[in-house]
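*Asks:* Next up is a structure, given as structure tokens.
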Amino acid sequence: MRVATSLSVLVLAAGGIGHAVVTSLDTTGISRVDPFRDMKNRPDPGHGMNLLVVGTDGRDKITREEKRKYRLGGAPCRCTDTIMLVHISADRERASVVSLPRDTYTQIPEHTDATTGKHHQPHPLKLNAAYSEGGPNLTVRTVENMTKVKIDHYLEVDFTSFMKTVDTLGGVEICNARPLKDSHTGLDLGVGTHRLTGGQALQYVRSRYVDGAADLGRMQRQQRFLAALIHQASSSGVLLNPVKFRDVASTMLNSVRADRGFGSDEMLALGKAMRGFTPASSEFTSVPLADTRNPVKGIGSTVKWDDAKSKKLFQTLREDKPLAPRRPKTRKVTLVDVPPQQIRVQIFNGTHTDGLGKQVDAALRSTGFNTTRTPLNGSSREVRRTYVTYDPRWDRSARSLAAALPGCELRAARRQGPTMKVTAGRDYKGVTPVRAEEVPRGGFGTVTGDQVVCP
């Protein structure tokens, strides 16, 4: 949940601020843990760097007013509510972020309970419970057993400083094509672009009841937010301003816990290598799942990984290969609710300009709409303003189509059916490219950061 806080340390260092600044930050705030103590039979090291970044439910430093305003009541659990495996490529030009669902059904290795001192044989449990029974050490062991990826560094953060970090950056911009509302967290965002304050950002990344996707939907929003945070850090001048950099980094490091091997030298070397890092340099995915509703007696509702696909995913990480396919740069687009591929459109030429119908049909088809490819002529009387007639039952599709035709008029027509009808008028100036909020994903369900930040 707060993985953005930890990963952004790597991104913010990209300005090469200087050894003295980074060294001083390292000595002021990072609490140290030893997640690799007495670990044996570990996976072979691969290429690049692997970090296990976990978010815990700590909230002891949050004020009473903030708890009330952002719905942070209740007792925190001693568990990890977010777990992400972050792979930094050997050439330092790519970061691959893989979300590991907290409800993953897994086999916890043999261990001694960190709280009770009781010795346990291997037994089934949810992945996030590994932290409860054995802290960072058992969490790392469990993840390595499941992924066969050797973890180089461990970063742990609660959400105490998350809000301050976002506020220090000046807020983070996200956009959504449908309303987002969650009564549990208090999130209430209308359609459009929003610059979230720290508290609003916390609501955004915590919300599980926005739609029926629950934790899986929340993971996608967390990835979207992390991409937006990287964009904000790399485009706001923070990387080139030593004072601003120090303010942001100091705020973040106040709640970070890390292994002893992750220090100032590692941060500085990594930062210098990642100087050109942008949202397009980052890629995000979640472990492929075979079963999203797997009830287990004594454990509860769990999710199960797709064995073949997940093995291929982590093999790709070990081999230091990108998860997302290469793709050409695209024009900026407008975000819409309904994918244009799902919208059937019939074009009418409402002017005396020969070929305008074919022109509009081709333009809408090129941005993804399912046009008939057989434009028709409208009435003999010329139309000044382009308009769309639609059946009110398909109003979301109509609004998505209208976004591609700036300035057009929407006219409801009952019983018209699902096909939209566009009558091009004299004011037609062209089509604005659009894409759905849920962008197409690669072979591992992967998206790059530039695909999910605001257009």
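The values are calculated or read from the model by the stated rules, or taken from the named source; none is laboratory data. Predicted model only: the values in this text are computed from it and were never measured. Counting neighbours? That spans all protein chains shown, and the Cβs are built from the backbone with ideal geometry, glycine included. Note: areas computed on protein heavy atoms with side chains; ligands, DNA, RNA excluded. Shrake-Rupley method; radii C 1.70, N 1.55, O 1.52, S 1.80 Å.
*Asks:* For SER235, what is the net charge nearby, where nearby means another residue's Cβ is under 12 Å from its Cβ and Lys, Arg count +1, Asp, Glu -1?
*Replies:* Within the 12 Å Cβ shell, the charges total -2.
*Asks:* Give me the one-decimal nm value for the distance between modelled label points at ILE299 and GLU382, 7 Å along each residue's Cα-to-Cβ direction.
*Replies:* 7.1 nm
*Asks:* Antiparallel as a % of all DSSP beta bridges within segment 301-455, to the nearest 5? It would help to have the intermediate numbers written out before the result.
*Replies:* Numbers: 3 of 19 bridges.
Beta bridges within segment 301-455, antiparallel portion: roughly 15 percent.
*Asks:* Provide the net charge surrounding ASP306, with neighbours chosen by a C-beta distance below 14 Å and charges set as Lys +1, Arg +1, Asp -1, Glu -1.
*Replies:* Taking every Cβ under 14 Å from that of ASP306, the sum is +2.
*Asks:* At a 10 angstrom cut-off on C-beta neighbours, averaged per residue, how do the peptides 43-55, 115-127 rank from highest to lowest?
*Replies:* Ranking the peptides 43-55, 115-127 by packing returns 43-55, 115-127.
*Asks:* Could you tell me which of the pairs LYS181/LYS304; LYS321/LYS429; LYS67/LYS297; LYS40/LYS304 are separated by over 32 angstrom between their Cα atoms in the structure shown?
*Replies:* The pairs that break the limit, which is 32 Å between Cα atoms, are LYS321/LYS429; LYS67/LYS297.
*Asks:* What FRET efficiency do you get for GLU173 and THR353 if R0 is 51 Å and r is their Cβ-Cβ distance, rounded to the nearest 0.05?
*Replies:* The calculated FRET efficiency here is 0.80.
*Asks:* How do LYS358, LYS421 stack up against each other in accessible area, from largest to smallest, with a 1.4 angstrom probe?
*Replies:* From most accessible down to least: LYS358, LYS421.
*Asks:* With the crude spin-label approximation of a point 7 Å out along Cα→Cβ, what separation in nm comes out for THR112 versus ASP247?
*Replies:* Here the modelled spin labels are 4.7 nm apart.
*Asks:* Sticking with this structure for a sec: For a Förster distance of 30 Å, can you work out the FRET efficiency between the beta-carbons of TYR209 and LYS309, rounded to the nearest 0.05?
*Replies:* On the way: r = 28 Å, r/R0 = 0.93.
In this case the efficiency is close to 0.60.
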